[in-house]
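The values are calculated or read from the model by the stated rules, or taken from the named source; none is laboratory data. None of the values given here were measured: they were computed from a predicted structure. Virtual Cβ from ideal backbone geometry, glycine too; neighbours counted across all protein chains shown. Accessible surface is based on the protein model in full, side chains and every heavy atom, while ligands, DNA and RNA are left aside. Shrake-Rupley method; radii C 1.70, N 1.55, O 1.52, S 1.80 Å.
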Amino acid sequence: MRTSILAMATVAGVVGLPCASAAGFIDDSKATLGLRNFYFNQDYRSGEAAPSKAEEWGQGFLLNLQSGYTQGPVGFGLDALGLLGVKLDSGGRTDKAGRSRNPGQLFPLDHDNSAVDHFGSLGLTGKLRISRTEARIGTLQPRLPVVVFNDGRLLPQTFEGGQITSAEFADLTLTGGMLEHAKGRASTDRQALGVPGNRTRRSNKFYYGGADYRIGKSLLLQYYYATLEDFYEQHFVGLTHTLALPVGSLTSDLRYFHSEPDGDNASAAGRADGYTIGDARLANDPEKGEVDSRLWSALFTYRLGGHALGLGYQQNEGDSELPYLNQSDGATSYTIATRQIGGFSRAGERVLGATYGYDFAALGLPGLSARVIYNKAWHIDVAGRSRSARERERDLRLDYVVQSGPLKGLGIAWANASLRSHVASQRDIDENRLILLYSISLR
């Protein structure tokens with residue numbers, strides 16, 4: 001399936017419609033320009049590999065154009081997403097301590113390994129609506145348990161494919177789709193899809209589907225299935241429930257992923273090519289170079305006024321890291337333990353996490369919020385260490401949105417994280433991100 005060709009065909013179809021039919025296409029359209037100023041700093045606290053410090057600063061422009069639908073029983077529409085990143089500062093020199101200071105993760109690298117001055121891309125999405133069912137073909141940014149686009153840098157990750165979402169039945173939403181390519185957060189290249197720990201084998205067929213069923217306002221049940229051809233297949237079951245208490249409320253978030261090789265030949269092909277799912281696994285058995293993960297988790301969050309206190313536990317059974325769509329630049333997974341730096345889903349890993357957040361609107365300061373998170377992990381399967389590896393991460397984030405005046409809507413965020421790990425392939429990292437966000441409505 002060539003999603004770009006199909007999206008362009010949708011454009012041609014819309015343009016050829018009579019003006020009366022296309023009225024909703026124009027009248028219901030929306031256009032916004034997002035401005036994102038992003039400073040990124042990573043300080044590697046361990047290991048011999050260069051660089052010892054990564055630092056970049058850039059300005060991002062995100063133009064989001066969304067049409068309405070043409071009139072009639074079958075409605076057609078078109079969305080466009082234009083992305084542009086401009087370098088304001090990057091590495092290529094040493095810091096005051098004499099350590100190498102090189103490009104980080106905001107910009108693509110040029111032929112001499114310096115950050116490019118600017119980069120960008122344009123994504124088109126054709127869409128079709130019948131009743132309460134919508135089909136989208138082209139550029140997608142899915143946010144589902146089995147595939148989550150990453151938006152943690154100057155510009156977001158995008159996928160190419162097709163997706164159908166149906167809400168024909170009350171309280172039930174059905175979703176299904178196929179993805180072929182992706183563009184990383186710091187890339188203009190259309191890349192095939194892969195998994196963590198493998199940079200050689202790729203696939204152009206990722207199928208997924210699932211259901212979200214709501215029971216009242218407090219209970220959500222989810223089931224999703226996904227498969228990346230010749231890599232893995234995955235089942236997800238989730239439950240989210242909010243219980244009103246005499247004082248405050250308690251939200252329960254339960255998740256389970258069951259992942260195994262895709263097809264009869266997937267394991268043999270993986271071992272022949274030398275691919276693994278992650279590098280923290282039991283390597284003394286040659287049969288363990290395949291997908292084998294059963295990850296379950298539980299997160300309980302108590303809310304009272306402006307306070308939110310959470311406690312969670314996650315455990316990955318099996319001999320591989322949790323598989324999920326990955327590129328050389330940018331990937332994320334839908335787990336309760338995923339943090340600013342670390343993924344915390346290695347083979348055998350157990351994670352205990354605590355979170356505390358506060359919304360200062362409760363004190364008369366709307367727009368200001370703070371959150372601190374701490375993960376402690378152990379029992380990680382690493383070659384030659386027999387489940388003795390450990391790691392931990394502490395995250396701190398402050399957010400403020402200006403509530404009035406000429407700068408109303410301006411968002412300011414500071415995110416600080418510190419990761420310490422005993423896994424040989426994972427360097428200790430201190431990281432800071434400073435982000436300014438502003439959105440301009442063009443229509």
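Observations, loosely collected:
- Residue match in the range 147-165 (condition: farther than 30 Å from Leu35 by Cα and in contact with a Phe, Trp or Tyr (Cβ under 8 Å, 6 or more places away or on another chain)): no
Each row is one residue, and each column tells you yes or no for (1) open to solvent by less than 20 Å² (accessible area, probe 1.4 Å); (2) over 27 Å from Asn41 (Cβ atoms); (3) outside any loop (DSSP other than H, G, I, E, B).
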site	(1), (2), (3)
Asn316	yes, yes, yes
Ser320	yes, yes, no
Thr335	yes, no, no
Thr338	no, no, no
Gly343	no, no, no
Arg346	no, no, no
Thr355	no, no, yes
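- Just one residue in the set Ser187, Ser203 is out of contact with any strand residue (DSSP E or B) (no Cβ under 7 Å at 6 or more places or on another chain) and polar (S, T, N, Q); that residue is Ser187.
To keep it simple, each residue is scored yes or no on (1) farther than 27 Å from Ala347 by Cβ; (2) polar (S, T, N, Q); (3) touching a residue at least 60 places away in the same chain (Cβ under 8 Å); (4) outside any strand (DSSP E or B).
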{"site": "Lys127", "(1), (2), (3), (4)": "yes, no, yes, no"}
{"site": "Ala135", "(1), (2), (3), (4)": "yes, no, no, no"}
{"site": "Arg185", "(1), (2), (3), (4)": "no, no, yes, yes"}
{"site": "Tyr208", "(1), (2), (3), (4)": "no, no, yes, no"}
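- Filter result for Ala31 (open to solvent by 30 Å² or more (accessible area, probe 1.4 Å), of a type in the set (Gly, Ala, Ser) and either touching a strand residue (DSSP E or B) at 6+ places or on another chain (Cβ under 8 Å) or modelled with pLDDT under 90 (or both)): no
- Candidates in the range 270-291 are the residues that are within 22 Å of the chain's Cα centre (by Cα) and at pLDDT 50 or above; of these, the one that is nearest to Gly342 (Cα to Cα) is Gly278.
- Condition met for Asp189 (assigned to a loop (DSSP other than H, G, I, E, B) and within 26 Å of Asn316 (Cβ to Cβ)): no
- From the options Pro196, Pro246, residue that is at pLDDT 95 or above, not in a strand (DSSP E or B) and not small (Gly, Ala, Ser): Pro246
- The listed residues are Val351, Val372, Val382, and the only one of them that is assigned to a strand (DSSP E or B), β-branched (Val, Ile, Thr) and surrounded by 18 or more Cβ atoms within 10 Å (Cβ to Cβ) turns out to be Val351.
- Any hit, the range 174-197, residues being open to solvent by 50 Å² or more (accessible area, probe 1.4 Å) and over 19 Å from the mean Cα position of the chain (by Cα): yes
- The residues on offer are Arg394, Arg427, and the sole one that is basic (Lys, Arg) and either open to solvent by 70 Å² or more (accessible area, probe 1.4 Å) or part of a strand (DSSP E or B) (or both) is Arg394.
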